[in-house]
Amino acid sequence: MITVNTFANKSIGVLGLGNSGVSAVRALVAGGSDVWAWDDVKEKRNTAEVAGVKLTDLYQSDLSKIDALVLSPGIPDQYPEPHILTVRAKEAGCEIICDIDLLARENTQARFVGISGTNGKSTTTALIGHILSRANQAVEIGGNYGIPALDLMPLDEKGTYVLEISSYQLERVPSITLDIAILLNISPDHLERHGGMDGYIAAKKILFERIHENSITIVGMEDTHCRGICMELMIKRGCKNIVPISASARIPGGIYIENGMLIDDLKNTRNVVMDLHSASTLPGEHNWQNAAAAYAAVSSIGVDPNIIKKAFKNFGGLAHRQELIQNINGILFVNDSKATNTSAAAKALDCYDDIHWILGGQFKEESLGSLHAVLKRVAHAYLIGHDTERLSNLLETVVPVSQCGDLKTAVHEAYRNAKSTNSNIVLFSPACASFDQFKNFETRGDAFVSIVNNLGNFPL
């Protein structure tokens, strides 16, 4: 655990007592801060108290007497409507930050790598951490990735923090300075929270305001938003230390994939690094983009290419991200529960053919978006959750659709149909948020895994 001494003998508020909030309280208390901790949800307050957190009702407090407010990523301070305590904090001149910013204030020695983007953040974060670990370098990975920043281990100047940073968190990290900043892609997501697409893009661009003169900036070139940002950076920085990456097109002077081959063209030598088809846990162009980003990051700090290649091949992959669960009677069951939007689901669909596709939940978008281009790969769609009717209306003229209601019914029907039609893939890639039927995408994915693991007793 990190001890935060920056606010020693000062008062600091913490609003939101989930994992990162409780972690922040512990780190601040250990460093001698007077912490005013609160959560609007009674159950979370009770859980925090059991964990030793002293509560202070911030609604009854004078916020002008705290030096900063550490805010949970899930609590809005702008759109769609700012939380009343954030309004009071700003009126009192109180800085609003998150736990990642506390880590950055506390540790100015280690290298910081920040990864953002709509999709692929977690895989890229884990992959970079995996490679650095295989290179015997001290590394800690966390942030939005799942491990609160202040639960990571302290590192010295030889160590590297690899942090997944969401758009919510980017707005609350004024103190961080990134040595390597990676923006993978931008597609519509969390638009209500950022006041629309322009606000969402603006939040992502903050990543490149948190760098120094010699920082490496890595930008995906798959979408128009990121291409525009890359051009802005090149104009501003004179192309210095800017690495464009692509999984779908040749990028002279960058890192790109061509027919599955990872190409390093940073010195205009078109060096063929490896065939990514040999990295079995990184299927499809979206994962190839993750691989290109990871290669660009670790090679910029001198990791041996042979170590990188071996690490790609033995990377274990991530749960709920195109995770192969079982092969049952020749049918592969793939858990891609992390796909909470159409862009992410489209990337998974593009990896297979003749797919029995399970999807549904809370649909966050106006249309099927990039899914249109890959629906030809779908043999049958099985719908679950809150927006079944809406999704059915969007899909039924293009692919056969079954309205299944719940996940268990969908898995059973998909298994039966896949078996009878000699298809070899059942893909759970929801393209929707999980909160209508599940606590989060992890719980949803775990439910899918459990159902699949019990299919041995299911009569066909």
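Here the condition is being assigned to a strand (DSSP E or B) and either open to solvent by less than 30 Å² (accessible area, probe 1.4 Å) or among the small types (Gly, Ala, Ser) (or both); of 379, 373, it holds for 379 alone. Could you tell me whether residue 388 is farther than 24 Å from residue 328 by Cα, modelled with pLDDT of 95 or more, of a type in the set (Val, Ile, Thr) and open to solvent by 10 Å² or more (accessible area, probe 1.4 Å)? It is true that residue 388 is farther than 24 Å from residue 328 by Cα, modelled with pLDDT of 95 or more, of a type in the set (Val, Ile, Thr) and open to solvent by 10 Å² or more (accessible area, probe 1.4 Å).
Where helices (runs of 4 or more DSSP H) sit wholly within segment 41-108, those with at least 3 residues that are open to solvent by less than 30 Å² (accessible area, probe 1.4 Å) occupy 84-91, 99-106. Filtering segment 387-408 to residues that are under 14 Å from residue 356 (Cβ atoms) and in a helix (DSSP H, G or I) leaves 395, 407.
Candidates in segment 409-446 are the residues that are farther than 15 Å from residue 359 by Cβ and basic (Lys, Arg); of these, the one that is most open to solvent (accessible area, probe 1.4 Å) is 439.
Evaluating residue 323 against the criteria (1) more than 30 Å from residue 456 (Cα to Cα); (2) open to solvent by less than 60 Å² (accessible area, probe 1.4 Å) leaves one unmet condition, (1). Screening the candidates 251, 218, 206 for the property of being surrounded by 16 or more Cβ atoms within 10 Å (Cβ to Cβ) and either among the aromatic types (Phe, Trp, Tyr) or part of a helix (DSSP H, G or I) (or both) yields one hit, 206. As a summary of the residue check, residue 324 satisfies the conditions (1) touching a strand residue (DSSP E or B) at 6+ places or on another chain (Cβ under 8 Å); (2) without any contact (Cβ under 8 Å) to a residue 12 or more places away in the chain; (3) closer than 30 Å to residue 158 by Cα except for the one numbered (3). If you go through segment 131-171 and pick out every residue that is surrounded by fewer than 21 Cβ atoms within 10 Å (Cβ to Cβ), at pLDDT 95 or above and not polar (S, T, N, Q), you end up with 11.
Of all residues in segment 338-364, those satisfying the criterion of being in contact with a Cys (Cβ under 9 Å, 6 or more places away or on another chain) and either free of Cβ contacts under 8 Å to residues at least 24 places away in the same chain or in a loop (DSSP other than H, G, I, E, B) (or both) are 339, 340, 341, 361, 363, 364.
Only a single criterion out of (1) more than 21 Å from residue 183 (Cα to Cα); (2) open to solvent by less than 60 Å² (accessible area, probe 1.4 Å) is not satisfied by residue 272, namely (2).
The values are calculated or read from the model by the stated rules, or taken from the named source; none is laboratory data. Being a predicted model, the structure only gives us computed values, none of them experimental. With ideal geometry, Cβ positions are generated from the backbone for all residues, glycine too; neighbour counts draw on all protein chains shown. The area values use the complete protein model at the heavy-atom level, side chains included, leaving out ligands, DNA and RNA. Shrake-Rupley method; radii C 1.70, N 1.55, O 1.52, S 1.80 Å.
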